[in-house]
Every structure is written in C-alpha cells, then in structure tokens.
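Have a look at the structure below before the remarks.
The values are calculated or read from the model by the stated rules, or taken from the named source; none is laboratory data. Just so we're clear, the structure is a prediction, and the values are computed from it rather than from any experiment. Don't worry about glycine lacking a Cβ; one is built from the backbone with ideal geometry, like all the others, and counts go over all protein chains shown. Side chains included, ligands, DNA and RNA excluded: accessible areas come from the protein's heavy atoms. Shrake-Rupley method; radii C 1.70, N 1.55, O 1.52, S 1.80 Å.
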Amino acid sequence: MGHLTTVTVIRSAAVVVALLAAAVSASEPALDFNRDIRPLLSDRCFACHGPDAEDRQAGLRLDLREHAVRPLDSGTTAVVPGKPTASELLARVRSIDPAVMMPPPSVGKPITAAEADQLARWIAGGAAYRGHWAFERIVRPHVPEVRDRTWPRTPIDRFVLARLEAEGLEPNPEADRGTLARRLALDLTGLPPDPAAVDAFLADSRPDAYETYVDTLLASPHYGERMAIEWLDAARYADSHGYQTDSSRSNWPWRDWLIRAYNANLPFDRFTIAQLAGDMLDEPTRDQIVATGFSRNHRINGEGGIIAEEWRVETVIDRVETTGQTWLGLTVGCARCHDHKYDPLTQKEFYGLFAVFNNVPETGTIIGSSDRAGGNSDPLFDIPQPDQEAELARLEKLVADAETVVAGQVTGIDTLVAEWERSLGPALAAADGVWRAFEPLAMRSVGGGTFRRSEDGVWFVEGALPPRDTYEFESLLPGRSFGGLRLEVMPDTALPGGGFGRAGNGNIVVSGIEVEVRPAGGGPAVPVKLVRAEADYEQRDWPAAAVLEGKQGRGWAIDGNDPAKRRPRRLAVFPAAAVPVEDNARLMVRVQQEALEGHAFGKFRLAISGLEPALLGAGGATLPPEVAAALAVDEPVRTPPQREALRTFYHQKVDGPIRRAEAARDAARKSLAEFRGKLPTAMVMKEGPPRDAFVLLRGEYDKPGEKVTASLPAFLPPLPSEAKADRLGLARWIVARDNPLTARVWVNRGWERFFGTGLSKTSENLGSQAEYPSHPELLDWMATEFIEGTSLPTVAGRPAGPWDMKAFIKLLVTSAAYRQSAAVTPDKLARDPANRL
C-alpha cells in the first residue's frame with residue numbers, strides 16, 4: 001500500500017509538472033521565424049549549411065525550407081516538421097559528443113539548452129520558414145491603437161507607445177525646453193545652440209514654437225555639415241590616397257557638393273542617382289557630374305612597381321562593396337572569392353555587379369598623373385571658382401571663334417590654292433632659282449680667322465685656327481620674307497689634304513646654326529625658330545637634324561676624310577613658315593663648329609630664300625611628285641585626285657590664310673589649356689568603352705574564370721525590362737519602390753543617429769546576419785513614409801515629398817519619443833520588468 005502510495009505521489013507530481021510546463025508553454029509568446037529562429041541558424045549554421053554551395057557540408061542547406069526538410073544521403077532528415085525527436089538537427093545541437101555535436105566545438109559557438117528548446121518548439125509547430133524580413137517588399141503597416149491618446153504627437157509615437165503598453169511601461173515625461181534646444185542643436189547642426197535663438201525659443205508661447213525652432217536649425221548651413229559626417233564615412237572620404245606614400249588628393253568638390261545637397265534638401269532618390277550615375281544623365285549639370293565623386297573616394301596607389309590592372313580591379317571591387325554597404329546594407333564583398341556564406345548572393349552575381357562599374361577609364365593609380373591634377377587621377381572634371389569662370393568663358397569663346405575662322409578659310413580653299421599657284425611665278429622653273437646668294441655686310445670668326453672672297457662668290461677662311469670656332473654673318477634681307485638658309489661647303493686642294501676643313505683629316509662638323517632678324521629701324525634682333533634641317537649628304541650618326549638639337553658633341557658631318565666623297569655638300573635650315581620681314585631688315589647668322597676640335601670648314605657660300613619652307617629643300621625647290629604633277633596640268637583638266645593633292649599640300653605646308661587661322665586657333669587652344677591647367681579638379685566617374693568582365697577565381701585579378709555580363713542579384717527584384725544594366729540602371733533600381741533594402745537601411749540609420757541605436761542594431765548589415773528589429777512594424781512604416789512622403793510634416797511651410805530627407809528628420813525630432821527626458825528615476829527602474837527579481 002505504501003508502495004502504491006509512493007507511486008501515486010510520484011505520478012501526481014509528474015502530472016503537476018506536466019501541467020505547469022503546459023501552462024508555461026501556453027504563456028510563452030508565439031515564435032517568429034525571422035525574430036527567433038533565423039538569427040540562430042544564421043549565426044551558428046549558415047557558414048557550413050547556407051548559400052555557399054562550394055563549402056557546404058554534408059549536402060545540408062538550412063537557409064531554405066525545401067532543402068532543410070529533404071532526406072540526406074545519410075538517411076537522416078535535419079528538420080522533420082512537427083517531430084522534434086525525429087529531427088537530426090535537434091539531435092546534433094543537443095548532443096554532448098564532440099564528434100557529433102553541432103556546431104563543432106572548434107567553432108566556439110555552442111547552442112545553449114534554451115536555444116535548443118526554442119528550436120524544438122519551432123519544429124514542433126511545423127518548422128515554418130519566412131523570407132528574410134529585410135528582403136521582403138516594404139508594405140505600410142497599420143498604425144496601432146493605444147490606450148493613452150494624449151502622449152503621441154506623431155504616428156511614430158503610437159508604435160512606440162503600443163510596445164511600452166504591452167510591456168507594462170510608460171514613456172518618460174517631456175524634457176524641459178532648454179534641454180530640447182541643446183539636444184536639437186547638437187543633433188541637427190553638431191554645434192551648441194545659439195544663446196539668442198534659445199532665448200527666443202524659451203519665450204515663444206505659440207503652439208508651434210518647437211516646430212519653428214526645428215525649421216530654423218534645418219535651414220542652418222551647419223545642418224548640411226552635420227548630416228554629411230556619416231555619409232563621408234560611408235563614402236570612405238579622405239584628403240589623401242592611402243597606401244605607402246599616402247599622398248594628398250583634392251576631392252573636396254564632392255564633399256562640398258554633399259553638404260550643399262543636404263542643405264538644399266535634394267530628395268534622396270536624386271541624391272542617390274547623382275552620386276552613382278550623374279554623368280550618365282541626359283545633359284548632366286556640373287553638380288551631377290561632381291556628385292559622382294562618391295565613387296572616386298577609394299584609395300589610390302602610387303607605389304613604384306605596382307601592376308596597373310591589379311589596382312584597377314581593386315578599385316572596381318571597392319565600388320561594388322561600398323555601394324552594397326552604403327545603400328543596401330549588405331556585405332556583398334563576402335562573395336568576391338566564393339558564394340556568400342550567409343546571404344543568397346553568389347560569386348557570379350558579385351561579378352555581375354562588378355561588370356556594372358567596370359567601364360570607367362582609370363587604373364586605380366596616380367603613376368603618370370599630370371602636375372595639374374593636384375594628386376588626382378583621371379577621369380577629372382574642371383571646377384572653376386567664381387572668379388575664374390569669366391576668364392574661362394572668354395577663352396572658350398576665343399577658341400570657338402578661331403575654329404569658326406578656320407572652317408571659313410577651309411571652305412574657300414580652292415580660291416586660296418589658285419592665288420597661291422599664281423604667286424609661285426617662275427620661281428619653280430629652275431631648281432636652283434629659289435635660292436639667292438647671301439652677300440654679307442659683315443662677317444667675323446669668333447676664333448680670329450679672316451675671310452677672303454673669290455671671284456665666283458665663294459668664301460675662304462684663313463688666318464688663325466682655333467680648336468673651336470663660330471662664324472657670324474650679317475646681311476640685308478631681300479624681299480619681304482625669310483623662308484630658309486643654305487650653307488654649301490666645298491673641298492679644295494688649298495685646304496689640308498684637299499678636304500673641306502682647315503685642319504685635321506679634311507672632315508668638318510657643323511654643331512649648330514642660329515638665325516635672327518634685326519628690324520630696319522634698329523631695336524633688338526628677333527630669333528627665328530628653326531624647325532627643320534636637311535642636307536644632300538650626311539655622315540652616319542652625324543645627321544643634319546643634329547644642328548638644331550643644341551647637344552654637346554653632336555652635329556652634321558660629311559665623311560670629308562674620304563677622298564671618294566669629296567664633292568660640294570649642302571645643308572639647309574628652315575622655320576616652320578616663312579617669316580615676314582620689313583624692307584631693309586637684316587639677317588644675323590651664326591654657324592657654330594664646336595663639336596670636335598679643328599673641324600671648321602674652310603671654303604663655303606651661303607644662300608637664302610623667301611619662299612615658303614614647304615617648297616624648299618637643300619638642293620632647291622622641292623615638291624611631292626603628285627603636287628608637281630598637278631601643277632604641271634592646267635586647272636580645267638586636273639583630275640579630282642590632283643585637285644585634292646593640291647588642297648592637302650596647301651593646307652598642310654603653305655603659310656597662307658588657313659595655316660595662319662590654324663595658328664591663331666592653336667594659340668587660343670593653348671591659352672585655354674594652360675588656364676585650365678591651373679583650375680582645381682574633381683575626380684569623377686566617366687563611362688568608357690565596354691570591358692569584358694569575368695568571375696575572378698579566388699578574387700585574384702589575373703585568374704579570370706567564367707565571363708559575366710552586368711546584372712543584379714537574383715534574390716532582389718529585377719530591373720525593369722526596359723532598363724539597361726549599367727550604373728544609371730543600378731542607381732534607379734536602388735531607389736525603386738520595390739527595392740526592399742534602401743529605405744529600410746536609411747531610416748534605420750536615421751533612427752540610430754537620433755536615438756543612439758538603430759531599430760535593428762546592426763545598422764551596417766541588414767542581411768541574414770542582421771539583428772531582428774526591436775520594432776519591425778515601425779521600421780517598415782517609416783521606410784514606406786520615407787519613400788512616399790504622404791504623412792511627412794512640412795518644413796518651413798514647404799510641403800514634403802517622396803524621399804524628403806529634411807521632412808523625415810523633422811518627423812523624428814518632433815516625435816514625443818524624441819522629446820522625452822533622459823532622466824531615469826528609481827521608481828521607473830522598479831516598474832521595468834527587466835529589473836524585477
């Protein structure tokens with residue numbers, strides 16, 4: 001009997017325990033997969049049993065229900081809905097055998113008994129899955145009803161109060177006005193409040209005094225500076241490049257644009273599109289182009305020996321990661337080397353995004369950048385300051401006008417060719433008739449030699465023989481232009497060895513020739529820039545062109561020590577175009593012979609020509625065969641190719657109205673380029689020719705795998721059918737109504753900015769590893785409101801609109817939740833269930 005009594009007592013106790021357990025179970029809140037189960041699976045299981053197919057263990061995938069409930073090759077099933085004891089998942093997480101338990105002990109993240117019980121409840125309830133909360137379309141929730149209807153000031157407050165009432169809590173009273181004035185000023189401008197503004201606020205008894213004070217702060221120029229701080233961090237803004245040298249850059253124009261955009265309350269959708277693809281808009285404004293500097297804030301490498309393609313790839317990858325992090329709140333960079341461990345993003349999809357940014361013509365380095373770039377790398381955009389814009393406009397007009405003149409002259413080229421042909425006269429009849437003898441009025445050997453003229457006009461050099469010498473000549477210039485100078489040297493038996501020179505082996509070296517024109521009325525001589533040198537013979541390694549180089553030990557030589565080659569030789573030098581001269585102007589000539597000791601010529605004569613240099617050669621007049629053939633034919637019977645040959649030659653070689661107009665245009669362009677070279681620049685985006693993109697094996701730039709095209713992740717809504725998968729298409733997709741991430745990311749960070757912690761604490765990551773929001777309905781209501789703007793407050797009397805940043809911020813800071821006192825009293829702590837024993 002006693003035994004039976006004991007058994008009965010034990011059984012009664014078991015019934016009581018069971019009843020108590022049932023009561024506790026009935027009192028437990030219903031499980032929410034996204035709140036209670038997904039974070040647990042994501043944190044402990046997805047690394048080995050998630051989206052990454054390459055590293056998936058045992059063929060088990062737990063992020064999708066259809067895979068989790070499927071029998072495995074081992075014969076077990078991870079999750080058997082409704083049957084916790086039959087579910088291998090539960091057996092593994094509850095095991096204490098190191099060889100069996102999951103996660104393995106080496107991971108260091110064991111599942112607690114309470115967490116295992118939660119998994120058991122979930123499986124017992126049918127193991128329902130839901131899509132990740134942040135990846136689902138944003139739908140406007142209903143604003144909840146609350147018992148206390150006096151406290152809420154905005155719909156935000158009703159969401160907050162509903163939760164407080166459910167927890168048996170009450171909001172704090174409102175802070176005093178002085179505290180609110182300080183709180184608002186620091187939050188909205190980053191500065192302490194202006195004392196006069198605070199006094200006015202404290203004295204303002206109107207019902208909308210608080211809202212008016214908020215409007216005043218939102219209108220402050222410091223508002224944009226304060227709001228830009230977090231965005232500068234998101235954009236990885238810096239005034240230097242990073243890496244080893246960390247040299248300076250000047251991308252401040254983008255920073256200044258950002259501050260102006262906040263102050264002007266640029267809607268967030270336009271704010272986004274401008275930064276990602278402003279350059280791709282139709283007729284983009286200066287601000288829209290500068291805004292793309294967001295994507296140029298990456299590090300730039302200037303170290304020696306780097307591989308340009310490697311750093312170009314790193315730059316593109318940086319853009320993909322930054323764009324995903326900033327707007328989508330996703331760690332897309334995890335898929336660079338393999339499929340993402342936690343989120344449904346494949347490596348191929350990562351490189352589909354890579355292809356979107358792959359066409360910008362840059363290298364990711366500053367090697368070879370011009371001095372004018374200010375440390376910046378291409379592509380660049382000029383940012384003239386207000387005092388520079390007028391001069392820039394003037395120079396641009398000069399260029400445009402000069403180009404118009406050139407176009408007009410080219411249109412009349414046939415008339416110009418006919419006039420030029422008539423002006424040639426008989427000069428071309430005799431090959432040597434274009435050169436006229438140069439009759440010196442004065443001549444001098446710097447080394448002390450003397451000159452003697454023979455009856456045929458040839459000059460001999462006699463007397464002192466210095467190691468190096470320069471001959472100087474002065475003569476009147478016949479005609480009205482100077483087109484070229486010719487030196488003719490001749491061998492003579494009176495010279496040593498019967499050669500050309502006065503000493504040595506008979507060879508000579510002319511190291512340089514200088515020409516100046518002195519005006520008839522006096523004044524300084526004007527140097528003539530010589531651009532071409534030509535000879536009828538030149539010794540190997542001693543070319544005619546060397547006389548214009550000005551290099552020591554170089555010059556024109558003629559094998560004068562070889563008796564078989566001793567015949568008269570000619571060297572001619574020419575300006576780019578015939579130089580106009582006044583009547584009775586004088587020509588000053590210096591012939592330098594300083595390259596080798598003793599190699600000065602001893603017998604010579606000089607000649608000059610007034611013809612266009614294009615018509616001259618060392619031997620006389622010279623024309624391309626096709627031009628000479630065309631000139632030999634009367635104009636009416638010339639063929640179209642002959643006419644075109646004359647037009648081309650005239651345009652390219654003759655110093656006529658076209659060449660002079662082009663010279664004026666080129667001078668205007670040079671002035672414009674020089675002025676632009678002094679302007680500040682901004683690094684911007686620019687769409688270049690399409691580049692092929694590939695999956696990079698292990699993420700390495702030089703290991704291309706499968707070829708990919710620009711595309712977006714498949715787990716998010718697709719691009720519209722008419723949209724192109726480029727930067728502009730991506731930017732518009734990011735701010736599309738159906739994108740579930742952008743608005744959630746932005747309003748969550750806004751809440752974090754003003755309340756200290758985001759509704760989802762992991763504000764940098766709303767992917768599968770994100771912390772479930774404390775108030776998911778409030779988060780989605782704010783995201784919907786930010787997108788649509790239907791209930792946002794006015795700002796300074798201006799109605800709000802979609803993606804209105806100032807109006808949304810005003811909504812937050814005018815809420816009763818924001819206006820609460822921060823003081824916590826002992827009785828408040830006592831009423832908080834979390835503090836009850």
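Set the Förster radius R0 to 35 Å, insert the Cβ-Cβ distance between LEU72 and ASP117 as r into 1/(1 + (r/R0)^6), and round the FRET efficiency to 0.05.
0.90
Rolling a 1.4 Å sphere over the protein heavy atoms, what is the accessible area per residue of the chain, to the nearest Å²?
Ligands and nucleic acids excluded, the figure is 48 Å² per residue.
How large is the accessible surface of GLU635 in square angstrom, using a 1.4 angstrom probe and rounding to the nearest 10?
Accessible area, nearest 10 Å²: 90 Å².
If you put +1 on each Lys and Arg Cβ and -1 on each Asp and Glu Cβ, how big is the dipole of the range 90-241 around its Cα centre, in Debye rounded to 20?
With only Lys, Arg, Asp and Glu charged at Cβ, the dipole is about 860 debye.
In debye to the nearest 20, how big a dipole does the range 682-837 give about its Cα centre with +1 on each Lys and Arg Cβ and -1 on each Asp and Glu Cβ?
Values: 20 positive and 18 negative charges, 87 e Å.
In total the dipole reaches around 420 debye.
ARG567 versus GLU644, label points 7 Å from Cα toward the beta carbon: distance in nm?
Label at ARG567, label at GLU644, 3.9 nm between them.
Could you tell me how many degrees, from 0 to 90 and to the nearest 10, lie between the Cα long axis of helix 413-424 and the main elongation axis, the longest principal axis, of the Cα atoms of the chain?
Between helix and principal axis, roughly 20 degrees.
Keeping every protein chain in place, order TRP556, TRP751 by accessible area at 1.4 Å, biggest value first, i.e. largest first.
Solvent-accessible surface, decreasing: TRP751, TRP556.
Give the residue from VAL313, ASN251, THR365 lying farthest towards the positive end of the charge dipole for the range 243-385; charges sit on Cβ (+1 for Lys and Arg, -1 for Asp and Glu) and the dipole is referred to the Cα centre.
Value computed over the given set: ASN251.
Give me the accessible area of ASP32, 1.4 Å probe, in Å² rounded to the nearest 10.
40 Å²
Specify which residue in the list SER295, ASN376, ALA264 is farthest towards the positive end of the charge dipole of the range 245-376, using unit charges on the beta carbon of Lys, Arg (+1) and Asp, Glu (-1), about the Cα centre.
ALA264
What spacing in nm lies between the two simple spin-label points modelled at ARG669 and ASP199, each 7 Å away from Cα in the Cβ direction?
6.5 nm
If you stretched the chain out fully between TYR537 and VAL633, how much longer would it get, using 0.36 nm times the residue separation minus the C-alpha to C-alpha distance?
Answer, rounded to one decimal: 31.3 nm.
Just by accessible area at a 1.4 angstrom probe, what is the order of ASP148, ASP204 from largest to smallest?
ASP148, ASP204
In the range 525-558, what GluC sites (Glu not before Pro) fall in a loop by DSSP, with at most 15 other Cβ atoms inside 10 Å?
Details: sites: GLU534, GLU538, GLU549; in loops: GLU538, GLU549.
For GluC sites (Glu not before Pro) across the range 525-558 that sit outside H, G, I, E and B with at most 15 neighbouring Cβ atoms in 10 Å, the list reads GLU549.
Give the peptides 485-497, 593-605 in descending order of average Cβ contacts within 10 Å, highest first.
Top to bottom by mean Cβ count within 10 Å: 593-605, 485-497.
Relative contact order for the range 515-601: what is it in percent, counting Cα pairs under 8 Å that are at least 6 residues apart?
37 percent.
Which value in deg cm²/dmol, rounded to the nearest 500, describes the helix-derived mean residue ellipticity at 222 nm for the chain, given -39,500 (n - 2.57) per DSSP H run of n ≥ 4 and division by the residue count?
That comes out to -11000 deg cm²/dmol.
By how many nm would the segment from ARG737 to ARG147 grow when fully extended, if each residue of separation counts as 0.36 nm and the alpha-carbon distance is taken off?
The ARG737-ARG147 span can extend by a further 209.0 nm.
Using +1 at the Cβ of each Lys and Arg and -1 at the Cβ of each Asp and Glu in the chain, identify which of GLY408, ALA607, PRO221 lies farthest towards the dipole's positive end.
The listed residue farthest towards the positive side: PRO221.
Name the chymotrypsin sites (Phe, Trp or Tyr not before Pro) in the range 214-281 that are in a loop by DSSP and that have at most 12 other C-beta atoms within 10 Å, would you? Can you show the working numbers first?
On the way: sites: TYR223, TRP231, TYR237, TYR243, TRP254, TRP257, TYR262, PHE268, PHE271; in loops: TYR237, TYR243.
Sites meeting the loop and neighbour criteria: none at all.
Using 0.36 nm times the number of residues separating ALA238 and LYS703, minus their current alpha carbon distance, what extension gain do you get?
Details: separation 465, 0.36 × 465 = 167.40 nm, distance 3.11 nm.
The span from ALA238 to LYS703 would gain 164.3 nm if fully extended.
Is any residue of the range 147-162 close enough, with backbone N under 15 Å, to a label point placed 7 angstrom from the Cα of PHE755 along the Cα-Cβ axis, and if so, which?
Answer for the range 147-162: 152-162.
Measure nothing but the geometry: give the 0 to 90° angle between the long axis through the Cα atoms of 742-755 and the longest principal axis through the Cα atoms of the chain, rounded to 10°.
Tilt of helix 742-755: around 70 degrees.
Suppose a student asked you for the relative contact order of the chain, using Cα pairs under 8 Å spaced at least 6 residues apart; what percent would you report?
So the answer I get is 17 percent.
In the range 752-827, what trypsin sites (Lys or Arg not before Pro) fall in a loop by DSSP, with at most 16 other Cβ atoms inside 10 Å?
Passing sites in the range 752-827 are LYS761.
With everything on Cα atoms, drop me the angle between helix 155-166 and the longest principal axis of the chain, reported from 0 to 90° to the nearest 10.
40 degrees
Leaving ligands, DNA and RNA out of it, report the carbon-plus-sulfur percent of the accessible area of the chain at a 1.4 Å probe.
Carbon plus sulfur share of accessible area: 55 percent.
How do LEU697, LEU31 stack up against each other in accessible area, from largest to smallest, with a 1.4 angstrom probe?
LEU697, LEU31
Check VAL526: other-chain or 5+ apart residues with amide H under 5 Å from its amide H, H built from backbone geometry?
When sequence neighbours closer than 5 places are left aside, the close amide H contacts are VAL517, ARG518.
Spelling out what I want: for every residue of the range 679-688, take phi, set θ = phi - 60°, compute 6.51 cos²θ - 1.76 cosθ + 1.60 (Karplus), and round to whole Hz; glycine and proline get x.
7, x, 10, 10, 7, 9, 8, 8, 7, x
In nm, to one decimal, how far is the GLU419 label point from the LYS551 one, both placed 7 Å along Cα→Cβ?
The two pseudo-label positions are separated by 4.2 nm.
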